[in-house]
Amino acid sequence: MVRNQINVDLYARNAELAVRNKTLSLLHKLDQVTLSTLTTEEMTGQITATLAKEFLYPFVGIGVCDKRQSTFEWMSIACPDGKSTICERRAYQKSFSLKTIHNACTQVIASHRRAELSSLHKLLEPVIEKQLIDEVSTKGQIKSVLVFPLIVNGACVGVLAIGLNRSKKDLTKYEQDTFTPLLGLVTIALQKAMTYSSLVETTKKLRVANRRLKELDALKTEFLSIASHQLRTPMAAIRGYVDLIMDGSYGKLSDQQTEVVGKIHSSVEGLIELVGQLLNVSRIESGKTVLTIEPIDIVAIATDVTGFLSIKATEQKLNLVLTPATVVPVMGDAAKVKEVLMNVIENALKYTDQGGVTVSFVDEPKAVRVNVTDTGIGLDKNGIDRLFQKFSRVEASAANHPGTGLGLYVCKRLIEAMGGEIWVESPGLGKGSIFSFRLKKAPTALQKTQKTV
Ligand code: ADP
């Protein structure tokens with residue numbers, strides 16, 4: 001008799017241990033689910049399926065509220081065999097207003113209190129058809145339903161509902177205790193999935209906004225290109241006639257007339273420069289600038305440019321010096337490098353009142369660096385940071401010198417398209433500047449490549 005009792009006790013103990021083992025392994029499984037990055041739908045699907053399959057709960061459902069807690073939707077419903085119609089998404093995927101439906105589910109959400117119900121109908125009607133609820137209740141012999149609110153930061157974000165084929169009081173203490181860690185895991189998983197889903201949503205919106213911005217940018221570039229082309233021809237005609245007037249081809253001008261026509265002339269020159277730069281920018285931005293990158297003699301190009309600009313320097317009483325150097329060929333597009341040098345040296349002359357400009361070369365291990373050093377107005381840190389952006393001009397210089405703020409932007413795009421870098425350094429305002437760029441040395445086996453920017 002005693003031995004029999006011992007056997008019964010041992011059997012019961014063994015059975016309890018088996019349940020504990022199974023619970024622990026299930027909790028571990030759920031823990032793994034929480035760690036993966038999933039959308040709310042996927043995450044709740046995995047949790048309900050795991051609970052129904054491993055614990056043989058005849059019904060497991062997870063529902064979530066929207067961000068403002070005004071609507072609710074069953075996200076996933078699972079049964080052990082997964083075959084009941086109620087488990088199909090179309091059977092339960094209906095978002096409903098928490099204000100219009102009054103059942104045990106909405107009560108749990110409103111009160112933040114768990115509930116034990118005597119039937120599944122109290123939880124699911126009228127959102128899910130009675131017939132489908134009958135089917136799963138009969139098949140799973142559901143006697144009670146436990147409904148837990150899922151609370152995050154004091155707000156109820158959803159519910160976890162578990163259908164049982166016995167009442168809660170018939171569960172062992174251990175089974176009852178299991179609900180606490182289970183609830184913790186489900187809440188964390190749901191919170192994570194909701195954050196992930198809202199991130200996915202935001203990324204989607206950003207992508208759409210980005211595409212729209214790109215379209216607008218392309219439109220702007222196209223508009224700029226058309227407008228600039230249309231401006232160029234009449235501008236050239238105006239300049240031609242102004243030149244003729246200034247030359248006296250239409251009669252001798254009075255001093256006052258000379259002054260006015262001179263102003264027209266410099267305004268037209270400024271406009272022509274602006275239109276030219278705008279066209280340059282629109283060509284680059286619409287990918288219509290073709291570069292022929294090949295080994296070039298950078299010193300020869302710089303000599304050419306300084307020779308051309310020496311007249312201007314002399315007019316301004318400035319020294320323009322090129323420090324002779326012998327360097328190996330670099331990879332670049334000769335015409336575009338000339339354009340860059342012309343821009344940087346012209347700027348150096350424009351923003352220098354006294355002293356001069358020196359062009360020098362530094363032989364680096366893999367590249368050749370060109371320095372254009374001036375003794376001009378210099379730059380402070382604020383100015384340096386945004387100098388290479390479109391339409392960026394430093395206030396102090398912009399006030400006294402005409403310009404577009406586009407030249408350095410074009411230089412940067414061109415140099416970078418050739419695989420080089422361009423930058424500026426200055427000891428400070430009034431202390432001159434050094435504009436530098438570097439281009440890679442040409443490989444020994446010379447090659448020519450074409451590139452569109
Ligand atoms: P722009 O000279 O037509 O205004 P850039 O893009 O060539 O346009 O130059 C942008 C701005 O950078 C200029 O307006 C000027 O403020 C500043 N800058 C360029 N070169 C120098 C320089 N050598 N010294 C001081 N400031 C300069």
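Mind checking which lysines have their C-alpha under 29 Å from Lys214, skipping anything on the same chain fewer than 8 residues away? Correct list for Lys214: Lys204, Lys205, Lys288, Lys336, Lys390, Lys412, Lys451. Taking a straight line from the alpha carbon of Lys83, these lysines sit under 19 Å away, with near neighbours fewer than eight places off in the same chain left out: Lys53, Lys130, Lys139. Please report the net charge: other residues with Cβ closer than 13 Å to the Cβ of Leu171, K and R +1, D and E -1. Net local charge, Leu171 excluded: 0. Counted over the range 269-384, the DSSP beta bridges are approximately 70% antiparallel. Applying the criteria of a DSSP loop state and at most 11 other Cβ atoms within 10 Å to the trypsin sites (Lys or Arg not before Pro) of the range 186-262 yields Lys252.
For the range 99-134, which trypsin sites (Lys or Arg not before Pro) pass both filters: DSSP loop (anything but H, G, I, E, B) and at most 16 other C-beta atoms within 10 Å? Listed in order of number, the matching sites are Lys99, Arg113, Arg114. Placing a pseudo-label 7 Å from each Cα along the Cα-to-Cβ vector at Leu171 and Ala218 gives an inter-label distance of 5.8 nm.
Each other residue within a Cβ distance under 12 Å of Leu219 adds +1 if Lys or Arg and -1 if Asp or Glu, for a net charge of -1. In a DSSP loop and with at most 16 other Cβ atoms within 10 Å, the trypsin sites (Lys or Arg not before Pro) in the range 1-93 are Lys67, Arg68, Lys83. DSSP bridge analysis restricted to the range 2-195 gives an antiparallel fraction near 100%, rounded to the nearest 5.
Once Rh is set to the Kirkwood radius over Cα pairs, what Stokes-Einstein translational diffusion coefficient, in µm²/s, holds for the range 204-285 at a temperature of 20 °C and a viscosity of 1.002 mPa s? This corresponds to a translational diffusion coefficient of 141 µm²/s. Put a dot 7 Å past each Cα toward the Cβ at Val260 and Ile311; how far apart are the dots in nm? About 3.0 nm separates the two model spin labels.
Three principal axis extents of the range 290-452 based on alpha-carbon atoms, in descending order, are 48, 31, 25 Å.
Distance from the C-alpha centroid of the range 111-139 to that of the range 159-218: 22 Å, rounded to the whole angstrom.
Beta-bridge orientation, the chain: approximately 95 percent antiparallel, per DSSP, counting only bridges with both partners inside.
Every read-out reported here was derived from the displayed coordinates using simple, explicitly stated rules and does not represent laboratory data. Just so it is clear, the structure is predicted and the values come from calculations on it, not from any experiment. Quick reminder, even Gly has a Cβ in these numbers, built from the backbone with ideal geometry, and neighbours come from all protein chains shown.
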